[in-house]
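For reference, the structure is listed below as structure tokens.
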Amino acid sequence: MYAALKKKMRGIYIHIPFCKAKCTYCDFASYPKEIGKAETYFACLYKEIKGRAENLKDKTFDTVYFGGGTPSFVDAKYIFGAMKQIRNFYKLSDNAEITVEANPGTLSAEKVKIYKKAGINRFSLGLQSADDKTLYKLGRIHTAKDFLFACELLKGENVSADILLGLEDQTKDDVKNSIDLAIKGGVSHISAYTLKAEEGTPMYGKYLNGDLPSEDEQAELYDFARAYLAENGFKRYEVSNFCKEGYESKHNMNYWNRGEYIGFGVSASSFISERRFTNTEKIDEYIACILRNKVAEIFSEEIEGDEREFEFLMLGLRTEKGISYRDFTARFGGDFRQKYADKLKTVEKYVEETEYGIRIKPEFLYVQNTIIINFMD
Ligand code: SF4
């Protein structure tokens, strides 16, 4: 994986803002009632893809990621069309990783066939839980059986599953069942995210009521998941991401390596030539901007020197491997150990040197945010 860390990569993100129903914990840009706008939305998306190409014609992209929302909810012809547009206007590397997020309740053999024809070679399934009652309470539209059916359709493919930790009344056995089901489905990558109740979602009410596990209980569930995944051959490579040898998500590694990416569609973010910019979250506003030949950005900032360094450390220290001294010097100049000698003393209990750099000790990775914030003062 270090080779992948060192190589300068670039990603493309495409946001599909449609879902069949809204989950109780979701604060992503996803709009179940707006599916009628799909045709117009995709016409605008294709236009945006083409419109940004001129400025990016010298760059090669190593990953494409369809996220959402639920990309598998819309007609697969739209995903096919987006890939065609990408290939028409952008340079993709030969072994580009091309992922589509899919809700197990929305996949079909026909869709999978079209995805494969479009060159998609990685599938990310939102399992979340193996317990149907929990799935129902979360507002998910699928069952455990649907998940296994989706895995059957994707047999032989590179498949990842997302599971949630810290759900109401969730026990270690529940976590074990979710992991067991993902393994039964044959996945090679598991993302285990701790639920964060976002303000404005129904789940936030549960959080205010004290119905969700405390931070300590969440940490226990996480520790259990990490150990159980390790027992089953899934090595952690980032705080929430685990995989079999060689199945790291290149697309996400690029984010953590502070690589460049271009995002298309509603709410998509980009980071190109030290500029971060984000599109509007509102579908109508997005469509109106693109139809008027304008960019749909609502936010843009240049990242300056110190901030670049901070981001590099923040992102790199989320990973199991941590950061490389050589990489640090190549990007920012100077010697990391000298530059941060005083600060390193304040966190010495939590970090350790590796063969090529520094990382947060594995037992503290779950609380990396607090450590990094103390470190960066
Ligand atoms: S499927 Fe995903 S994006 Fe859609 S509502 Fe549920 S959590 Fe949000």
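Rg (Å, one decimal) plus Dmax (Å, integer) for the alpha carbons of the stretch 1-101?
Calculated on Cα positions, Rg and Dmax stand at 14.9, 45 Å.
So if I take the centroid of the Cα atoms in the stretch 37-64 and the same for the stretch 74-127, what is the distance between those two points in Å?
Distance between centres, Cα-based: 15 Å.
Just tell me which lysines come within less than 20 Å, Cα to Cα, of residue 47; anything on the same chain fewer than 8 places away is out.
List returned: 37, 57, 59, 77, 84, 91, 282, 294.
With a 4.7 Å Cβ cut-off, tell me which Cys residues in the chain come up empty for a partner.
Lone cysteines by the Cβ rule: 19, 44, 151, 243, 289.
If you build the convex hull over the alpha carbons only and average its shadow over all orientations, what do you get for the stretch 2-256? Give it in nm² to one decimal. Intermediate values should be presented prior to the final figure.
On the way: hull surface 54.9 nm².
For the stretch 2-256, the mean projected area of the Cα convex hull comes to 13.7 nm².
Pick out, in residue order, every one of the GluC sites (Glu not before Pro) in the stretch 150-258 that is DSSP loop and has at most 13 other C-beta atoms within 10 Å; say none if there are none.
Values: sites: 152, 157, 168, 198, 199, 215, 217, 220, 231, 238, 245, 248; in loops: 157, 168, 198, 199, 245, 248.
Hits after loop and neighbour filter: 198, 199, 245.
Please identify every one of the GluC sites (Glu not before Pro) in the stretch 264-305 that sits in a loop by DSSP and has no more than 11 other beta carbons within 10 Å of its own beta carbon.
Details: sites: 274, 281, 285, 297, 301, 302, 304; in loops: 274, 281, 304.
Hits after loop and neighbour filter: 304.
Report the charge-dipole magnitude of the stretch 137-263 in Debye, nearest 20, computed about the Cα centre from +1 at each Lys and Arg Cβ and -1 at each Asp and Glu Cβ.
460 debye
Of all beta bridges DSSP finds with both residues in the chain, what is the antiparallel percent, to the nearest 5?
Numbers: 22 of 55 bridges.
Once the DSSP bridges in the chain are tallied, antiparallel ones form about 40 percent.
May I ask you to list the trypsin sites (Lys or Arg not before Pro) in the stretch 144-197 that are in a DSSP loop and have at most 13 other Cβ atoms within 10 Å of their Cβ? Display every interim value, and only then the final one.
On the way: sites: 145, 155, 172, 176, 184, 196; in loops: 155, 196.
In loop regions of the stretch 144-197 (DSSP not H, G, I, E or B), the sparsely surrounded trypsin sites (Lys or Arg not before Pro) are 155.
Which value, in debye to the nearest 20, gives the size of the charge dipole of the chain about its Cα centre, when Lys and Arg are +1 and Asp and Glu are -1 at the Cβ? Intermediate results must be reported in sequence, preceding the final value.
Working: 55 positive and 58 negative charges, 339 e Å.
The calculation lands at about 1620 debye.
The numbers here are math on the coordinates, done by the rules we state, and not lab data. These figures come from a predicted structure and were not determined experimentally. Cβ sites come from the backbone with ideal geometry, for glycine too, and all protein chains shown count toward neighbours.
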